[in-house]
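Below: the structure, in structure tokens.
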Amino acid sequence: LLVAVVAAMASAFVPSSNIIVQRSAAPEASTSTALPVNIKVNVGEGEPIESALRRFKREVNKSGHLMDLRYKRYFENSQDRKKRKIVQARFRVRMERMNARRMRKQRT
């Protein structure tokens, strides 16, 4: 029994060709927070698992699923949703303006 556990643990930490995390909305688990997540991270031969995990976390953050889950955790009425969208739009325009200014500065 101990040998089987050690063998299972040893094979769990061997880097495979790629790590695929998929979560689909199953009928029994379909709630308001269920989101279709399809994020792939290819792990190179001899690449440390820490760097692959870091890249995976970055991809999850870029996908925006965690932010969406945070807003769906509690009920949000339409007025609150409109206010949040307006604040997000202001922030997005501000970031676009800053990036455009930075790009203009780099060209000169």
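Laboratory data are not the source of any read-out in this text; all were calculated from the coordinates shown. All values reported here derive from a predicted model rather than from experimental measurement. Methodologically, a virtual Cβ is constructed for each residue, glycine included, from the backbone with ideal geometry; neighbour enumeration extends over all protein chains shown.
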Fully extended contour minus Cα-Cα distance, from ASN38 to ASN77, at 0.36 nm per residue: 11.2 nm
Pairs from LYS40/LYS72; LYS40/LYS83; LYS40/LYS105 whose Cα-Cα separation, in the structure shown, is over 32 Å: LYS40/LYS83; LYS40/LYS105
For VAL41, residues with placed amide H under 5 Å, excluding near neighbours: ILE19, VAL21
Segment 58-108: chymotrypsin sites (Phe, Trp or Tyr not before Pro) in DSSP coil with no more than 13 other Cβ atoms inside 10 Å: TYR74, PHE75
Karplus 3J(HN,Hα) series, Hz, for segment 51-56 with 6.51 cos²θ - 1.76 cosθ + 1.60 (x for Gly, Pro): 5, 5, 5, 5, 5, 4
Length gained when the stretch VAL93-LEU69 is fully extended (0.36 nm per residue, less Cα-Cα span): 6.3 nm
Ranked packing of 60-67, 43-50, most packed first, by mean Cβ within 10 Å: 60-67, 43-50
